[in-house]
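Structure first, commentary second.
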Amino acid sequence: CCAHPEIAERHDDPWPDAYCPSNPETYELLFDVMDEVIAAFRPRILHIGHDELLSVRVCPQCRKRSGAELFADDVRRIHGFLSERGIRTMMWADKLIKVGRFSGVGRREKDPGNGNWWVLPPTHQALDRIPRDVILCDWYWSIAPWGLREFAKRGFEVCFGNFSPTQFPDWARKARHPNVMGAEISSWCEVSPGA
């Protein structure tokens, strides 16, 4: 949102990290960008992120709704846009479970930049409100090994994220689970020339 602060959830944030799901301009811009990506890559699946969400229910319109409702409605709206184009939706699953500091549990945080307190509402209840054909990327497999069971019970397909074959307990058995599509290996590295 740095290039488009008008759609930011937090207007006082110098580095806005989240768009406002109550602002119609958000989806005009988002879907325009997605159309460009779709035209260039012609994907069968598009990953929509939705993990490091830290600003929820800040603006006056969003404060009227629960965090789970906002989160689920946003995912459903993007899912509908992609489905109309024959593309499956994939997303990170951590905001859909209730474990650890950065998952879908509610918490209160102090902004180190301005010293203001903000509350991140729980979003884990959104799990039962999103379409079942969304592929969930579960990178909490080491923190919440029961995640696969919960996702599969609801009919979701799972792709394990941030996979590490030497650290994944019981990978051979879990890989055979009918709801597991596979795993992806994440890489955080510099991509500039000469790096």
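The values are calculated or read from the model by the stated rules, or taken from the named source; none is laboratory data. Values in this document were obtained by computation on a predicted structure and should not be read as measured data. Note that we place each Cβ from the backbone using ideal geometry, even for glycine, and neighbour counts take in every protein chain shown. All accessible areas refer to the heavy atoms of the entire protein, side chains included, with ligands and DNA or RNA removed. Shrake-Rupley method; radii C 1.70, N 1.55, O 1.52, S 1.80 Å.
Figures for the structure shown
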read-out	value
Charge sum, other residues only, whose C-beta stays under 15 Å from residue 54's C-beta, Lys/Arg counted +1 and Asp/Glu -1	-3
Helix-only mean residue ellipticity at 222 nm for the chain, each DSSP H run of n ≥ 4 adding -39500 (n - 2.57), per residue, nearest 500	-7500 deg cm²/dmol
The chain: Lys pairs at Cα distance under 29 angstrom, eight or more positions apart or on different chains	10
Cβ crowding within 10 Å averaged over residues, with 98-110, 32-44 ranked highest first	98-110, 32-44
Highest-MSF residue in the chain out of 167, 125, 61 [GNM, Cα springs under 10 Å]	167
Square roots of five times the Cα gyration tensor eigenvalues for region 36-82, Å	26, 11, 9
Cβ-based net charge around residue 6, under 14 Å, with every Lys or Arg adding one and every Asp or Glu removing one	-4
Formal net charge of residues neighbouring residue 125 (Cβ-Cβ distance under 10 Å; K, R +1; D, E -1)	0
Peptides 51-57, 143-149 ordered by average Cβ neighbours within 10 Å, highest first	51-57, 143-149
Simple label model, 7 Å out from Cα along Cβ direction - residue 25 to residue 164, nm	4.3
D_trans [Stokes-Einstein, Kirkwood Rh over alpha-carbon pairs] for region 1-85, 10 °C, 1.306 mPa s, µm² s⁻¹	116
Listed residues 120, 46, 158: farthest to the positive end of the dipole of region 22-171 (Cβ charges)	120
Heavy-atom surface of the chain, accessible at 1.4 Å and reported per residue (Å²)	56
Fraction of accessible area attributable to carbon and sulfur, region 1-147 (%, probe 1.4 Å)	55
Highest-fluctuation residue, 79, 124, 11 considered, GNM on the chain with Cα pairs under 10 Å	11
Cβ charges +1 (Lys, Arg) and -1 (Asp, Glu), total dipole of the chain, debye	1020
Cα gyration tensor shape for region 36-195, rounded if a/c is under 1.5, else prolate or oblate	rounded
For region 125-140, 3J(HN,Hα) per residue [Karplus equation, 6.51 cos²θ - 1.76 cosθ + 1.60, θ = phi - 60°, Hz, x = Gly/Pro]	5, 5, 3, 8, 10, 9, x, 6, 8, 6, 8, 9, 8, 9, 9, 9
